[in-house]
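The values are calculated or read from the model by the stated rules, or taken from the named source; none is laboratory data. Quantities reported herein were computed from a predicted structural model and do not represent experimental measurements. All Cβ positions, glycine included, derive from the backbone under ideal geometry; neighbour counts span all protein chains shown. When the accessible area is computed, the model is the full protein with side chains, heavy atoms only, and any ligands, DNA or RNA have been set aside. Shrake-Rupley method; radii C 1.70, N 1.55, O 1.52, S 1.80 Å.
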Amino acid sequence: MTDKRNLKIAIIGAGASGIMAAIKFREAGFDDLAIFEKASDLGGTWRDNRYPGITCDVPSHAYQYSFATNPNWTRMCSPGAEILAYFRGVARDHGVDSLIRYDSEITEASFDHHQWHLTSTQGDEGLFDVVVTATGVLHHPVYPDIPGRDDFEGDCFHSARWDDSVSLRGKRVGIIGTGSTAIQIVSEVIDDVASLVLFQRTAQWIWPLPNRLITDEEKELYRSDATARQAEYKRLTHRMNSNFAAAIVGENPDGYAELEQDCIDNLNTVRDPELRAKLTPDYKVGCKRLIMSNEFYEAIQKPNAALETGKIARFVPDGIELEDGTVQALDVIVLATGFNTHQFFRPMKVMGPGGRTIEEAWRQRNEGYMTVAVPGFPNWFMIGGPTSPIGNFSWLLTAETQFAYVLKLIERLQQPGVSEIVPTAAATAAFNQAVRDRIPQTIWATGCSSWYIDASGNIASWPWTFDKFEQDLKEPDWHAFETA
Ligand code: NAP
């Protein structure tokens, strides 16, 4: 151990992936670590999203780290505040919260003489042997390209920038968007508001996920029996990845048929045929990220709820005007219009050896090798890089799988005479060709718009099963990497 080079490591992002990376680095014996966080708190998406009704629609006993299973989850799918508290607790208990440098957004990274030089909004951050980006996927809010937003005289904000000073109680509320976020908000606030108009551009398939309380007996069992806790984690992650997500990518036809039927049956619970027709999607189940809710159809059928499918023309001082000239008068407008999921760690300026930028490397499309590294950018690793399993796959297990693979690459840098490791252009080209060959067979390519698709029409998710992802990332193919 003593002759191994100690590496200076920068982790960018103190969300779920960055916290996990720091813990795992420590476990592997690396102690020269810094976590750079652009905000003044940790938690990533669970810090940013505080909208009413926020819940993780992945069961809590699967949406947690494999190494820190929590016996105390209160619901099958727990609320956002509980999840944020979990990440805070794990960071504190593992002593990695003290490594976080808050309010330090890395703005520039340039590689020279085997090291990355980082600059943040705080100034020069010095040299690092390795950079791991853990910057998440859903964190650059998209504001709709609807004219006149500043003309609206009420309150208007993005769902991920919730204005806590605004109460919805007794108000006329408009929500733009019908993704997972909007569906959760509608279900939560409908009984509080005077009226609610949901502006739907595209109908969504909704899978009826019940969200029951976890009983005291179950919690007691999980507290007293770590094996039972681990077994539940394994059972649920397997069910999600090997059954559910496999159905989505076309590898479990029976599972897919069942899923499709569940969604149709759920839709058929909507009593008014006209409303049901408006809520019926014209694309296949799973083409967009599948929404999970047992409550939305009941909420949208309440007397104070309305589904508006007319095209929005503009914001006007007292609400939203549709293309047919009608105006929906509103006090508050929530923009549940999603995120730019193709930016990755940008707008950070990243320059590899010789000054080649990531913008140049990704001019055509975002591409990496095995979801974690990019040719021409040595010692630069990504948790959640291009082609990562996203959407209805289990994000935390994805991140752990990627990190374990990245760690093996980084350990190579500890060997004498090795200062750089980078994937070859040939291996990267072959990997991405295989992705492109496979994508047309996936459900995401069956004709819908979604956040999986980038501005050039490329579908960004891992197009095979999660089992294959785990298999492919078990051990690096060392022929695919060059060292210097
Ligand atoms: P989203 O799924 O991207 O949905 C954005 C919505 O806004 C879509 O309905 C979109 O319509 C609509 N929209 C965008 N621009 C518009 C415009 N100019 N006019 C009218 N409508 C417009 O975003 P999200 O709901 O925030 O969810 C994003 C992802 O976050 C989810 O897919 C999920 O991965 C994650 N999430 C997870 C949970 C959870 O419980 N685990 C909860 C919330 C979010 P089109 O469909 O027509 O584009």
Options 25, 483, 246, ranked by Cα towards positive dipole end of the chain, top entry (Cβ charges): 483
Calculated from backbone phi, Karplus (6.51, -1.76, 1.60) coupling profile of region 11-20 in Hz, x at Gly/Pro: 10, 10, x, 10, x, 3, 6, x, 5, 4
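Treating only the Cβ of Lys, Arg, Asp and Glu as charged (+1, +1, -1, -1), what charge dipole size does the chain show about its Cα centre? Round to the nearest 20 debye. Numbers along the way, then the final one.
On the way: 45 positive and 65 negative charges, 107 e Å.
Dipole size: approximately 520 debye.
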In sequence order, calculated HN-Hα J values of region 216-232 (Karplus, 6.51, -1.76, 1.60; Hz; x Gly/Pro): 4, 5, 5, 4, 4, 4, 5, 5, 8, 9, 4, 5, 5, 5, 5, 5, 5
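Of 8/468; 234/408; 288/468; 8/38, which sit over 30 Å apart, Cα to Cα? Present the calculation step by step, with values, prior to reporting the outcome.
Values: 8/468 32 Å; 234/408 24 Å; 288/468 22 Å; 8/38 20 Å.
From the list (8/468; 234/408; 288/468; 8/38), the Cα-Cα distance tops 30 Å for 8/468.
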Sites residue 103 and residue 449 - FRET efficiency at Förster radius 45 Å, r taken between beta-carbons, to 0.05: 0.80
Long-range amide H partners of residue 292 with built H, under 5 Å: 207
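Report the full-extension gain for the segment residue 201 to residue 231: residue separation times 0.36 nm, less the Cα-Cα distance, to one decimal in nm. Before the final figure, lay out each step's value.
Values: separation 30, 0.36 × 30 = 10.80 nm, distance 4.14 nm.
Gain on stretching residue 201 to residue 231: 6.7 nm.
Figure the gain on full extension for residue 294 and residue 425 (residue separation times 0.36 nm, minus the Cα-Cα span) and round it to one decimal in nm.
On the way: separation 131, 0.36 × 131 = 47.16 nm, distance 4.68 nm.
Full extension of this stretch gives 42.5 nm more.
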Gain upon complete extension [residue 257, residue 484; 0.36 nm per residue less C-alpha separation]: 76.7 nm
Cβ-placed point charges (K, R +1; D, E -1), dipole of region 206-331 about Cα centre in debye, nearest 20: 380
Accessible area per residue in Å² at 1.4 Å probe, computed on the chain: 42
Label-point separation, residue 6 to residue 223 (7 Å along Cα→Cβ), nm: 4.0
Mean ellipticity per residue at 222 nm, deg cm²/dmol - from DSSP H runs of n ≥ 4 across the chain, formula -39500 (n - 2.57): -8000 deg cm²/dmol
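Express the carbon and sulfur contribution to the solvent-accessible surface of the chain as a percent, rounded to the nearest whole number, probe 1.4 angstrom.
Details: 9750 of 20330 Å².
Answer for the chain: carbon and sulfur cover 48 percent of the accessible area.
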Cysteines without a disulfide-compatible partner [the chain; Cβ-Cβ under 4.7 Å]: 56, 77, 156, 263
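In a shell of Cβ-Cβ distance under 9 Å around residue 333, excluding residue 333 itself, what net charge do Lys and Arg (+1) and Asp and Glu (-1) give? Before the final figure, lay out each step's value.
Numbers: positive: 149; negative: 155, 331.
Net of charged neighbours comes to -1.
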Point-to-point label distance, residue 124-residue 153, nm (Cα→Cβ direction, 7 Å offset): 5.4
Whole-Hz couplings from phi, Karplus 6.51/-1.76/1.60, listed for region 279-293; x for Gly and Pro: 8, 8, x, 10, 9, 6, 4, x, 5, 8, 4, 5, 8, 10, 6
Rounded to 10°, Cα long-axis angle of helix 253-267 versus longest principal axis of the chain: 30
Value of relative contact order over the chain, rounded to a whole percent, pairs C-alpha under 8 Å and six or more apart: 20
Amide proton proximity set for residue 481, modelled H, under 5 Å, gap of 5+: 424
Trypsin sites (Lys or Arg not before Pro) restricted to DSSP loop in region 351-447 with at most 10 other C-beta within 10 Å: 363
5 angstrom amide H check on residue 112, placed H, neighbours 5+ away: 117
Nitroxide proxy distance, nm - points 7 Å out along Cα→Cβ at residue 323 and residue 81: 4.2
Environment charge of residue 122, counting only residues whose C-beta is closer than 9 Å and scoring Lys/Arg +1, Asp/Glu -1: -3
